[in-house]
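One structure below.
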Amino acid sequence: MFRRIRTKVFTVILSTSLGALALLSVTGMVSIFRLRGAALGLGEQLGGAAARHSQTALEDQVRQQILSLARDKAALTDEKLTAIQNQTTLAAEVATRIYTHKNFYQPKPRGYLQSPQAGMESVFLMTAPGVSPESIEHEISMAANIADVLRQSTVADLGLSASYIGGESGYIIIADKTITASVSLDPRTRSWYTGAKEKGGLFWTDIFLDSLGRGAGLTCAMPFYDLSNGGRVFKGVAGSGTLLSVNVNKIIDSTKIGNSGFAFLLNEKGQVIATPQSSDVITDKAGSIFYDDYLRSSNPGLSELAQRMVRRESGIMELEMDGQEVYAAYHPLDTLNWSLGVVVGVNEVIAPALWIEQDILLLTNREMTLIDRNITLVVLAVLVIIVIAAVITILVAIRLSNSLTAPIVALSAGAKIIGAGDLHHRLEVKTGDEIEVLAETFNQMIGNIKEITGEKERLGTELNVATRIQASMLPCIFPPFPDRKEFDIYARMHPAKEVGGDFYDFFFTGQDQLTLVIADVSGKGVPAALFMVIAKTLIKNHSRMQKSPEEILFSVNNQLCENNEECMFVTVFICRLDLITGVLSFANAGHNKPLISRSGGDYEFLELKRGRPLGVSAGFPYQSAELTLNEGDKLYLYTDGINEAENRQGEQFGNDRLLETANSCRESAPRDFDEALRRALTGFVNGAEQSDDITSLAFVFRQKVKPDR
């Protein structure tokens, strides 16, 4: 065996080396004699190739640069518009608190609005024609508590021209850097007011001409409400106005690439609303703002660019603009249905490549003389080197074949022993080189394998115990209350890992008071499981104190926020059913909307206010809602492991598919209903890896408890 390895190594090294030397000799000689002729045409070829490659490289580099620039500028524009949205949301939330918690605020005299504090802007009161301030004096005095918020909005570096709230009763409180006195103004007729009221949420107006002659602007608005006594009464709209020249045009004007590059902004209609030349607003004869319409341009390339931007795509394309070939990169904004584009001329990009081609041709002609002089010397040097290399190769092959084979045989024999299962065998190879290091490394690897194997077995045992412990904490015997015929219930939890963070629970807090809970802890694995145990225990303990659902969530949230250094949180849906009256009271802490089927009808999502998840911020108030269940009504509670489950193509199961599947088996008992839905989910994911815990609880209300029971 030893002689065969040595002979093999010697033969391979010698034949390979001598073959390479022979090939090198022939190739070298032929190449040298052809070098002179090839070098003559090298200059032109090199110049052309360098120009082409340089042009390609420059084009690729510039394409990436302008695409990155388009994304960055779009993100910067989004950042400024998002700041305005946040300020508008803040004003709406403050106004909602003022109307909802009137006892917490002191009325302000009307003069407070026209008297700015030191270093702050004035805040003015205006009323609609026909509405006197005295007729709504009390409402104005309460709403005036928002004055400081509006003042701070206009002096903060947000690019706002004005910040205001308008009431349904016909008043407006406004902080504007330009207005110096109150005028008569009806906010209820303004587009920002009617648009936000109709949408019921955050709303951006179209671009309009500022009434004070400050240029083009737009407004972000959001409605506010009176939420006292469990209601939701519309009271008005908060708004923040900004000028394009302050927020958008500065970004567009500052975008420069070379001499011809520029940026522009396109709205959802394919119209150009901002370019470096759009500092002055252009209007038509009717006084409406005039835009260049790229979408309907006679230039096919420009029209295609506009279509891509309107479709909110991100990318880059080459087209002709004003008789010049250009690259145009584009990226959509997140806050509005706008898209930002960056344009640079192709000729400006490839100019350096043409200069490189000329320089290479000049250098090639200069070097041809040196090549002619050195060809003879190179031929002689190559021949001498080939002879010396052949002698050295033979000597090295003999020595290597003797020194390499012995330790290789020892490694092979030892590997066979270890491969047979003897992990205590050690390789003894003393060569003083890398082979000895390989043998020692192999010995260390075997030791590590033994340690890792033992540790893996220990961890596997502990995880199995943890899995059984977690499963034992959840109700798993069905039916859980055989003597109670008023309802039927079935629940199940399937963790994504050995242990999970989802949980469900149901228990009586009185003879005829049944509480249902489902929750989803952030994350997976052991940390989520530990947090799940704490949350489940706290919810059950507070439930048995006969607290209402919102009180339970409030108390548990405060306790979970204490020392929550890992910033974990849990979404929870909790409800309590009075089996005598059928009244179901429930509250939600950021959890998925349950499904409800009334009297055997189709399932639909139970609309309810989603509060913050537990563990996020202490002191957050939660709200309960009520409805009355009739005989045959059904509930289905679930975690996002169901509706957000993905198949191999990355497509989610989704709320629509969940609702369709639920309605296809709505007549089934809870256990059969849950199993049918899970079969549909399994078929959808089609073997894709489970990424989240899957938990569900199906419930049907059979009958009410008879009063004489």
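The values are calculated or read from the model by the stated rules, or taken from the named source; none is laboratory data. Keep in mind that this is a model prediction, so the values were computed, not measured. Because the Cβ atoms are built from the backbone with ideal geometry, glycine has one as well, and the counts that use them run over all protein chains shown.
Computed values, structure above
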read-out	value
Near pairs, Cβ below 6 angstrom, 6+ apart or cross-chain, from region 694-707 (on the phi < 0 side of the Ramachandran plot) to any residue that is of a type in the set (Lys, Arg)	VAL700/LYS634
Any hit, region 693-705, residues being part of a strand (DSSP E or B), closer than 23 Å to ALA587 by Cα and of a type in the set (Ser, Thr, Tyr)	yes
Subset of region 636-663 (residues that are of a type in the set (A, V, I, L, M), under 22 Å from VAL570 (Cα atoms) and assigned to a helix (DSSP H, G or I))	ILE642
Residue that is nearest to PHE673 (Cα to Cα) [pool: residues in region 490-512 that are modelled with pLDDT of 90 or more and over 37 Å from the mean Cα position of the chain (by Cα)]	PHE507
Residue under evaluation ARG671, criteria (1) touching a strand residue (DSSP E or B) at 6+ places or on another chain (Cβ under 7 Å); (2) of a type in the set (D, E, K, R); (3) part of a loop (DSSP other than H, G, I, E, B); (4) within 18 Å of ASP488 (Cβ to Cβ), criterion not met	(3)
Any pair with Cβ under 6 angstrom, 6 or more apart, that starts in region 626-641 at a residue that is crowded, with 24+ Cβ neighbours inside 10 Å and ends at one that is assigned to a loop (DSSP other than H, G, I, E, B) and of a type in the set (D, E, K, R)	GLY641/ASP692; GLY641/ASP693
Output for region 120-136, where each listed residue is among the hydroxyl-bearing types (Ser, Thr, Tyr) and outside any loop (DSSP other than H, G, I, E, B)	THR127, SER135
Members of region 691-700 that are out of contact with any helix residue (DSSP H, G or I) (no Cβ under 7 Å at 6 or more places or on another chain) and crowded, with 16+ Cβ neighbours inside 10 Å	LEU697
Residue that is within 22 Å of PHE487 (Cα to Cα) and either modelled with pLDDT under 95 or among the charged types (D, E, K, R) (or both), where the choices are GLU675, GLU660, GLU689, GLU646	GLU675
GLY231 vs. criteria modelled with pLDDT under 85 and not acidic (Asp, Glu)	no
Restricting region 547-570 to residues that are of a type outside the set (A, V, I, L, M, F, W, C) and buried (at least 24 other Cβ atoms within 10 Å of the Cβ), the residue that is farthest from THR509 (Cα to Cα)	ASN557
Residue in region 67-80 that is among the hydroxyl-bearing types (Ser, Thr, Tyr), surrounded by 16 or more Cβ atoms within 10 Å (Cβ to Cβ), over 25 Å from LEU363 (Cα atoms) and at pLDDT below 90 present	yes
All positions within region 498-521 that are touching a Gly at 6+ places or on another chain (Cβ under 7 Å) and assigned to a loop (DSSP other than H, G, I, E, B)	VAL499, GLY501
Checklist (1) over 30 Å from ILE13 (Cα atoms); (2) modelled with pLDDT under 70 applied to VAL382, failing item	(1)
Selection within region 218-248 - of a type outside the set (A, V, I, L, M, F, W, C) and under 17 Å from LEU150 (Cβ atoms)	THR219, PRO223, LYS235, GLY236, GLY239, SER240, GLY241, THR242
Residue ID - farthest from VAL237 (Cα to Cα), chosen from residues in region 61-118 that are small (Gly, Ala, Ser) and not in a helix (DSSP H, G or I)	ALA118
Candidate set from region 522-559 (those that are in a helix (DSSP H, G or I) and small (Gly, Ala, Ser)); member that is modelled with the lowest pLDDT	GLY525
1 or more residues under 22 Å from THR82 (Cβ atoms): qualifying helices (runs of 4 or more DSSP H) within region 137-222	147-155, 191-199
Hey, THR453 modelled with pLDDT under 70, farther than 24 Å from VAL12 by Cα and not basic (Lys, Arg) or not	yes
Residue satisfying condition, being among the basic types (Lys, Arg) and surrounded by fewer than 16 Cβ atoms within 10 Å (Cβ to Cβ), within set ARG576, ARG544	ARG544
Any hit, region 149-159, residues being over 18 Å from TYR225 (Cβ atoms), touching a residue at least 12 places away in the same chain (Cβ under 8 Å), touching an Asp or Glu at 6+ places or on another chain (Cβ under 6 Å) and of a type outside the set (A, V, I, L, M)	yes
Wholly enclosed strands (runs of 3 or more DSSP E) of region 245-336 bearing at least 3 residues under 29 Å from GLY201 (Cβ atoms) and modelled with pLDDT of 80 or more	271-274, 324-332
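Yes/no per residue for (1) over 23 Å from ASN247 (Cβ atoms); (2) surrounded by 16 or more Cβ atoms within 10 Å (Cβ to Cβ); (3) at pLDDT below 80:
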position: GLU137; (1), (2), (3): yes, no, no
position: SER153; (1), (2), (3): no, yes, no
position: GLY167; (1), (2), (3): yes, yes, no
position: GLY170; (1), (2), (3): yes, yes, no
position: ARG188; (1), (2), (3): yes, yes, no
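Per-residue answers, yes or no, for (1) surrounded by fewer than 22 Cβ atoms within 10 Å (Cβ to Cβ); (2) touching a residue at least 40 places away in the same chain (Cβ under 8 Å):
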| position | (1), (2) |
| --- | --- |
| THR205 | yes, no |
| GLY213 | yes, no |
| ALA221 | no, yes |
| LEU227 | yes, yes |
| GLY231 | yes, no |
| GLY236 | no, yes |
| SER240 | no, yes |
| SER245 | yes, no |
